[in-house]
Amino acid sequence: MGSPSDTVIFKAQGLTKVYAMGDVEVHALRGVDLELRAGEFVVMLGPSGSGKSTLLNILGGLDVPTDGQVWYHGEDLTRAGDARLTRFRREHVGFVFQFYNLIPSLTARENVAIVTDIAPDPLPPEDALAMVGLGERLDHFPAQLSGGEQQRVAIARAIAKRPVVMLCDEPTGALDSATGVRVLEALERVNTEMGTTTVIITHNADIARMAQRVLWMQDGRIVREQTNTERVAASALTW
C-alpha cells in the first residue's frame, strides 16, 4: 500500500462551525486542529452528529468555518472567495458521497466525461473506469448497474480529474459488505497507484483497519487518534 510523505497538504487550526436552527445554535465543530499529509489514507470514525461531514465539507471547500483557518498547501482557504473555492474543488478535490449522484440518462463513460471535460489534466474516462474494475461496463446506464458498480462509477468520476485529495463521506453506507469491500478496494488502488490523499468518514469501525491513521470524532472534536502499525487490505475486511 502507498506510504504517506511528510508533506502537509491540509492544516486546520481551531475550526469551529455553528449553525443557527431557528432560535437554537448547533455547534457542529468545536475547535478542530488537523493535519493531512500527501498520500495518506485516513479513516474518520464517530457517531452521527459528531461533526465528521462538516469537517470534510470545510476541507473540500463546500462549506466555510465560523471561526478558525484551513490551509491547503500553505494557502489560506478561509480567505478565498467563491471563485477561488470553486477552482480549488474543481482542480484538486475528488468527492464521493453515500449516494452516487449519477445522471440516469448518461452512460458510465459519459458520467465520468462530465468531469474530464472541465479538468485541466484529466484521465480518459475509459482509464478511470478501468481503474475501478469497470472497463467492460463503459456503455451501461446507471439503471443497468448494481449499487456497488454505480458507486465505483462515482469514484471513477472523482479520480478522472487526478485529484490531490479524495474526500469520501460514507462511501459504503448504502452497500452490503461484499459490495462495500469492492468499493474500498477501488479507493485503496487510487491511493496506492495515484498517491491520492484519501479520507473516508464512516460509522463502520472495521474499515478503520485499512487506514494508516484513524481519527475519532465526538461532539465536534477529534477526541482520539491512532496510527495503524499493521494495515489490513480492503479485500480482507468483513462486517
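The values are calculated or read from the model by the stated rules, or taken from the named source; none is laboratory data. Keep in mind the model is a prediction, meaning the values are calculated, not measured. Cβ coordinates were reconstructed from backbone atoms using ideal geometry, including for glycine residues, and neighbour counts include every protein chain displayed.
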Exercise for review: Can you confirm whether the range 42-51 contains a residue that is farther than 30 Å from residue 180 by Cβ, in contact with a helix residue (DSSP H, G or I) (Cβ under 8 Å, 6 or more places away or on another chain) and not aromatic (Phe, Trp, Tyr)?
Suggested key: no
Check your understanding: Among the candidates 88, 95, which residue alone is under 23 Å from residue 151 (Cα atoms) and of a type in the set (Phe, Trp, Tyr)?
Key -> 95
Review point. Out of curiosity, is residue 192 among the β-branched types (Val, Ile, Thr) and surrounded by fewer than 16 Cβ atoms within 10 Å (Cβ to Cβ)?
Key: yes
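Taking the range 172-181, which residues are surrounded by fewer than 20 Cβ atoms within 10 Å (Cβ to Cβ) and touching a Leu at 6+ places or on another chain (Cβ under 9 Å)?
177
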**Study point:** Odd one out for residue 115, checked against (1) under 29 Å from residue 224 (Cβ atoms); (2) in contact with a strand residue (DSSP E or B) (Cβ under 9 Å, 6 or more places away or on another chain); (3) touching a residue at least 12 places away in the same chain (Cβ under 8 Å)
**Key:** (1)
Check your understanding: Under the condition of being surrounded by fewer than 18 Cβ atoms within 10 Å (Cβ to Cβ) and β-branched (Val, Ile, Thr), which residue from the range 16-52 is farthest from residue 199 (Cα to Cα)?
Key -> 24
Review point. In this structure, is residue 149 over 16 Å from the mean Cα position of the chain (by Cα) and surrounded by fewer than 19 Cβ atoms within 10 Å (Cβ to Cβ)?
Key: no
Check your understanding: Failed condition for residue 168, given (1) over 29 Å from residue 17 (Cα atoms); (2) modelled with pLDDT of 90 or more; (3) buried (at least 20 other Cβ atoms within 10 Å of the Cβ), with all others met?
Key -> (1)
Practice item. Could you figure out which of (1) over 17 Å from residue 198 (Cβ atoms); (2) in contact with a helix residue (DSSP H, G or I) (Cβ under 6 Å, 6 or more places away or on another chain); (3) of a type outside the set (Ser, Thr, Tyr); (4) not in a loop (DSSP other than H, G, I, E, B) isn't true of residue 87? Key: (2)
Practice item. List the number of the failed condition for residue 211; all other conditions in (1) farther than 30 Å from residue 16 by Cα; (2) within 17 Å of the chain's Cα centre (by Cα); (3) at pLDDT 90 or above hold. Key: (1)
Exercise for review: Residue by residue through the range 104-125, note down the ones that are modelled with pLDDT of 95 or more and surrounded by fewer than 19 Cβ atoms within 10 Å (Cβ to Cβ).
Suggested key: 104, 105, 106, 110
Check your understanding: Does at least one position in the range 75-83 carry a residue that is touching a residue at least 60 places away in the same chain (Cβ under 8 Å) and among the hydroxyl-bearing types (Ser, Thr, Tyr)?
Key -> no
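Look at the range 111-158 and say how many of its residues are part of a loop (DSSP other than H, G, I, E, B) and under 29 Å from residue 73 (Cβ atoms).
We begin by selecting, within the range 111-158, every residue part of a loop (DSSP other than H, G, I, E, B); these are 117-124, 132-141, 145-146.
Then drop every residue that is not under 29 Å from residue 73 (Cβ atoms), which leaves 117-124, 132.
The total comes to 9.
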Review point. Can you list the strands (runs of 3 or more DSSP E) found entirely within the range 159-239 that contain at least 2 residues being of a type in the set (Ser, Thr, Tyr) and in contact (Cβ under 8 Å) with a residue 24 or more places away in the chain?
Key: 197-202
Point to revise | Breaking point among (1) at pLDDT 95 or above; (2) buried (at least 22 other Cβ atoms within 10 Å of the Cβ); (3) over 16 Å from the mean Cα position of the chain (by Cα), for residue 134 | key: (1)
